[in-house]
Amino acid sequence: MLGSNTMARLANDAIEYEVPVNPLHKRIDKPVTAITLGAGSRGNVYGNFAEKFPTLLDIVGVAEPISLRNERYATKHKIADNNRFNTWERVFERPKFADAIIITTPDALHYAPCMKALEMGYDILLEKPIAPTEKECRNILALAKKTGRIVAVCHVLRYAPYFVKMKELIAQGAVGEVISIQHLEPIEHMHMSHSYVRGNWHNSKATTPIILAKSCHDLDIIKWVINKPAKQISAMGDLKWFRKENAPQGSTARCTDGCAVERTCPYSAIKMYYEQRQRLGVFDLPDDKTKHPEAIMEKLKTTNYGRCVYRMENDQPDHYITNIRFGDNVTASFSMEAFTSYAGRRTRIMGSMGDMVGDMTELVITDFRTGKQTKLVPKAEDVDEYRNSGHGGGDWLLANDFVQAVSQQNPKLLTSTIDESIESHIMAFMAEESRKNNKVMGVVM
Ligand SMILES: NC(=O)c1ccc[n+]([C@@H]2O[C@H](COP(=O)([O-])OP(=O)(O)OC[C@H]3O[C@@H](n4cnc5c(N)ncnc54)[C@H](O)[C@@H]3O)[C@@H](O)[C@H]2O)c1
């Protein structure tokens, strides 16, 4: 069951697996052309794919209001001046001039450009979350169906070899019938403070609730692996720690204001950004190579990234548990946890004939019938720069499938089309309603 001709046994008894190239892939004679809306972190993830594989993807336009980002992106991709815009709306004032639109704008700016792009006949690579409300998600789905355009949602974990293997094994019956799943998303405490306390997603109303913004991937993977419709969902959790009442005595509005506890605070902005030089992408430093310390210090004095984690206007829960009942009474419990020293995902799948335990590095399967345990690891050569892109390789593997889908005009190249992706978003909306109103929600598709 676990073996295939693409597997080999290693000295430590682990079995190497290789995720085969999608058999539907064809030679691409002409690169797919795309316009990126939002040249921030994610816009650059897909932009970097184009830079690395120019025969597959050519970025021919950009919309980005931050001039330094716009300039850097245009230079990197040799974008003509007349194809550079300071906001997404301007792109659509011109007749269609590329095959696809890449939507990597902030969460609240997905819906309008996506609807406009569909109306104008573009195929779309749409960052998750699809949109901040259920109605908007359904509107995008309806218009995608009406226009027949491809909308690929960036549920990138579906393309990571680790999760592809997990899905394949479960579908083959490696643990018998799936009875339940336990899935953990450890955000890692510094990532939490950076993105959901100080950073872009600290306010759920201005962006999207954390169950959508961060964990739509996880609900999506759980649903994908179980492969049955979600029926009921309940959720609990809140913002317990990053609150004003927990601010230590002697702490100040900013870490740079002479905070008395800064040296012992695990969330010190001075330590993370200034001393350890982590997560500096948000600062648009003048020259990434030099990372001038005085420029970083200036950012800590003037942006949210230097503010005390206990004194923000944040409202995203820092712990969130969700229970889901799927068809045939398969159940799943999901925990999103801010307070971990590690990141990645951990999954335990309990089946009638065996179980599977995974940590995004290895998958361990135990067969109850034989007691035999099998450890699976990805093939070493596959963990190269291509498969090593973010999200366990999923970022660029999705980009690769998207390019194929657009080039061949065949959405079957993708596992995360809008039709496939919307259910986990509805689950997230229902979880949030359950959490806020303290009731079990039915999930109606
Ligand atoms: N798939 C994933 O795993 C994943 C990971 C992180 C973020 N995301 C999602 O990707 C999206 C972008 O996130 P990011 O981390 O790149 O954020 P970012 O802030 O780095 O990038 C967003 C960019 O959009 C630009 N922008 C703002 N208004 C605009 C406008 N009117 N027109 C054009 N551009 C505009 C911003 O200036 C910024 O450069 C978000 O929706 C986020 O939730 C997805």
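Some observations on this one:
- Helix screen, the chain: DSSP H segments with Cα axial length of 18 Å or more and mean Kyte-Doolittle hydropathy at least 0.0 are 394-408.
- Computed per residue of the chain from DSSP H runs no shorter than four, each worth -39500 (n - 2.57), the mean residue ellipticity at 222 nm is -8000 deg cm²/dmol.
- Cβ-Cβ distance of residue 264 and residue 13, R₀ of 41 Å, FRET efficiency by 1/(1 + (r/R0)^6): the value works out to about 0.40.
- Carbon and sulfur %, accessible surface of the chain computed with the full protein complex present, 1.4 Å: 51 percent
- Of the two radii for the stretch 37-188, the radius of gyration is 1.04 times the Kirkwood radius, both from the alpha carbons; that is the Rg over Rh value.
- Normalised by residue number, the volume inside the convex hull of the Cα atoms of the stretch 149-263 is 192 Å³ per residue.
- Highest average packing first - 222-228, 424-430, Cβ atoms within 10 Å: 424-430, 222-228
- Dimensionless Rg over Rh [the chain; C-alpha; Kirkwood]: 0.97
- Cross-link pairs beyond the 21 Å C-alpha cut-off, checked among 26/167; 165/372; 26/228: 26/167; 26/228
- Under the shape rule built on the C-alpha gyration tensor, where the axes satisfy a ≥ b ≥ c, the stretch 166-209 is prolate, since a/c reaches at least 1.5 and a/b is greater than b/c.
- DSSP beta bridges confined to the chain are antiparallel in about 55 percent of cases.
- Note on the chain: GNM, Cα springs under 10 Å; of 123, 13, 284, the largest mean-square fluctuation is that of 13.
- Reachable lysines from residue 146, criterion Cα separation under 17 angstrom, eight or more residues apart if same chain: 116, 135
- Probe 1.4 Å, accessible area per residue of the chain, Å²: 44 Å²
- Heavy atoms of residue 440: accessible area, 1.4 Å probe, square angstrom to 10: 90 Å²
The values are calculated or read from the model by the stated rules, or taken from the named source; none is laboratory data. Remember, predicted model here, so these are calculated numbers, not experimental data. Positions of Cβ are generated from backbone atoms using ideal geometry, with glycine treated the same way; all protein chains shown enter the neighbour counts. Surface accessibility is based on the protein's heavy atoms, side chains included, excluding ligands, DNA and RNA. Shrake-Rupley method; radii C 1.70, N 1.55, O 1.52, S 1.80 Å.
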